Amino acid sequence: MTFRIHVDPDKCQGHNRCYSVSPDLFELDELGMSSEVGAGLVPAGQLSLARLAVANCPELAISLTEMTAAEVTETAEATP
Amino acid sequence: MTSRHPRVHDFATDFDHTDPAWVNDPYPIWEDLRQRCPVAHSERYGGAWLPVTHDLVSEVAYDHEHFTSRSVVVSDRRPGPDDLPAPIGLSPPISSDPPFHGLARRMLLPAFTPKPTAVLEPFTRDLCRDLLNATDGRDSFDASLEYAQHIPVRVIVKYLGFPQEDADLFRGFIRLVLEEVDLPEEEREERFAAVDEYMDSQIEDHRARPRDDLTSFLLEAEIGGQKLPVEHIRGTMTLLMIAGIDTTWSAIGASLWHLAQHPGDRRRLAAEPALMDTALEEFLRAYAPVTMARLVAKDFDFHGHPFKEGDWLLLPFPAANRDPAAFENPDQVQLDRVRNRHAAFGLGRHRCLGSNLARMELRIALEEWLARYPDFELSDPAAVTWSAGQVRGPRRLPVTILGRDR
């Protein structure tokens, strides 16, 4: 099972909780707004950290979704 | 602090956030209101509303159509139409509405991300150690007056580039703005003028001698290719000073107040430094210092309540953080709470600009305190006093150091 994490840029207000609990999955822009690193694929060992980020976002801006096999392939092809 | 207002008998119909019952322990009041209302009303301050659930507090925080931030501190004096240069407001961007709010905030955000905040860490750590050194050899002292209150004031004074010796001056300003909301209006205005005067002298000094600090940053900042008008610069400097001090002082004080009474939590935190991240967030949730406010922008029906243009609305993020519908066992402090979407720094576009700075200060203040004094208790629980108004924290916090052997 592969999971993808995504920060909704319209909801993120820069609380930085996600970046604080899982700095490998998120990055901040110069305004301190967060986005997922790369395509947002969650490495197997980091799933609990991804869940922690979701559970600590005050704005409910982060989604964690399970990817279908087709999506996984597609993403792998699109990402060098 | 004693309120100059008559005592409240029913918070559902006559609430007042300066009432001694609210000041001493607001949590049972909010829980009672959650079950009975959950939107309370008061004729005080010319008419005010108070939603107390997480849902309703969020709804208001995200609604910029029906609510304005033109004034965010409830007092007897409501701004009139000619009073404040809307949509900028008295102290942008906290007092601004969209779309100007976004521009004013965007300009400031880069100065408050984790990176520039971390630069102030060594200064903060040294400061905490110095303050603790000054308590050396004493079994009892006031942790609010001698420790917590000095940390944020000196950090923001350093960041703004004001002389460190002016730090004491600011505490008077802050009391005026946030706590003494029930003073006669003329007196408040006179004292506000003194704040403006101080800021103007700093602006002049920084114009003459630019340096690497927040004041010089504001003097150079532009919105739409234009330098900022002096009212904007002064308002923002005042905001940063005020918003950065009382609030974090309260958070540090309340965390120490909790630890003083919970030996298990104290020992656990001292023994497991990795717990600090969740513990910090839990202190912020359970003892969130800041209640914001809005003005109703136009007449409308809010869940059956006839909101009128110009009514105050108290926006109690601390009450949202204790709502059992949003948090499991909200009145229990759990240092390892995993799900913690607390709203201590607000929600939506007005999220506290200084949240990274506040977290850094709180973390270092607690780390340094626990490293020096892992075991301590309240000297006299009845001697603890809490601030009145929209920022809640212990203002007197006498503690006794236990097992002193260092």
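Charge tally around residue A:15: other residues with Cβ under 11 Å, Lys/Arg +1 each, Asp/Glu -1 each, net +3.
Aspartates and glutamates near residue B:158 by alpha-carbon distance under 17 Å, same-chain residues fewer than 8 away left out - which ones? Here the aspartates and glutamates satisfying the reach criterion relative to residue B:158 are B:121, B:126, B:130, B:166, B:168, B:205, B:212, B:213, B:246, B:361. Springs between Cα atoms under 10 Å define the GNM used for chain B, and in it the highest mean-square fluctuation of B:305, B:101, B:258 occurs at B:305. Candidate cross-link partners of residue B:308 among the lysines, defined by an alpha-carbon separation under 26 Å and a same-chain spacing of 8 or more, comprise B:298.
Using the Cβ atoms and a cut-off under 12 Å, what net charge is assigned to the surroundings of residue B:201, where Lys and Arg are +1 and Asp and Glu are -1?
Working: positive: B:207, B:234; negative: B:166, B:196, B:197, B:200, B:204, B:205.
Local net charge: -4.
Let me know the mean shielding of B:273-284 by other chains, meaning the per-residue number of their Cβ atoms within 10 Å of its Cβ.
On the way: counts 0, 0, 0, 0, 4, 3, 0, 1, 4, 0, 0, 0.
Taking all residues of B:273-284 together, the mean is 1.
Net charge in the neighbourhood of residue B:27 (other residues with Cβ under 10 Å of its Cβ; Lys, Arg +1, Asp, Glu -1) is -3.
Less than 20 Å from a label point 7 Å out along the Cα-to-Cβ axis of residue B:25: which backbone N atoms in the stretch B:311-342 qualify, by residue? Residues B:318-324, B:329-334 fall inside that zone.
For the stretch B:1-70, what does the relative contact order come out to in percent, with C-alpha contacts under 8 Å and a separation of six or more? Could you put the intermediate results ahead of the total?
Details: 68 pairs, mean separation 17.6, N = 70.
Answer for the stretch B:1-70 is 25 percent.
The distance linking the stretch B:38-58 with the stretch B:200-222 is 40 Å (Cα centroid to Cα centroid, whole angstrom). The three principal axes of the Cα atoms in the stretch A:3-78 give end-to-end lengths of 33, 23, 18 Å, sorted in falling order. Within the straight-line cut-off of under 12 Å between alpha carbons, the aspartates and glutamates reachable from residue A:11 are A:59, sequence neighbours fewer than 8 places apart in one chain being disregarded.
Express the relative contact order of chain A as a whole percentage, based on alpha carbon pairs under 8 Å and six or more residues apart in sequence.
Working: 124 pairs, mean separation 33.1, N = 80.
After rounding, I find 41 percent.
Rule-based calculations on the coordinates, nothing more; no lab input. Everything numeric here is computed off the predicted structure, so don't read it as measured data. Every residue, glycine among them, receives a Cβ derived from its backbone with ideal geometry; neighbour counts consider all protein chains shown.
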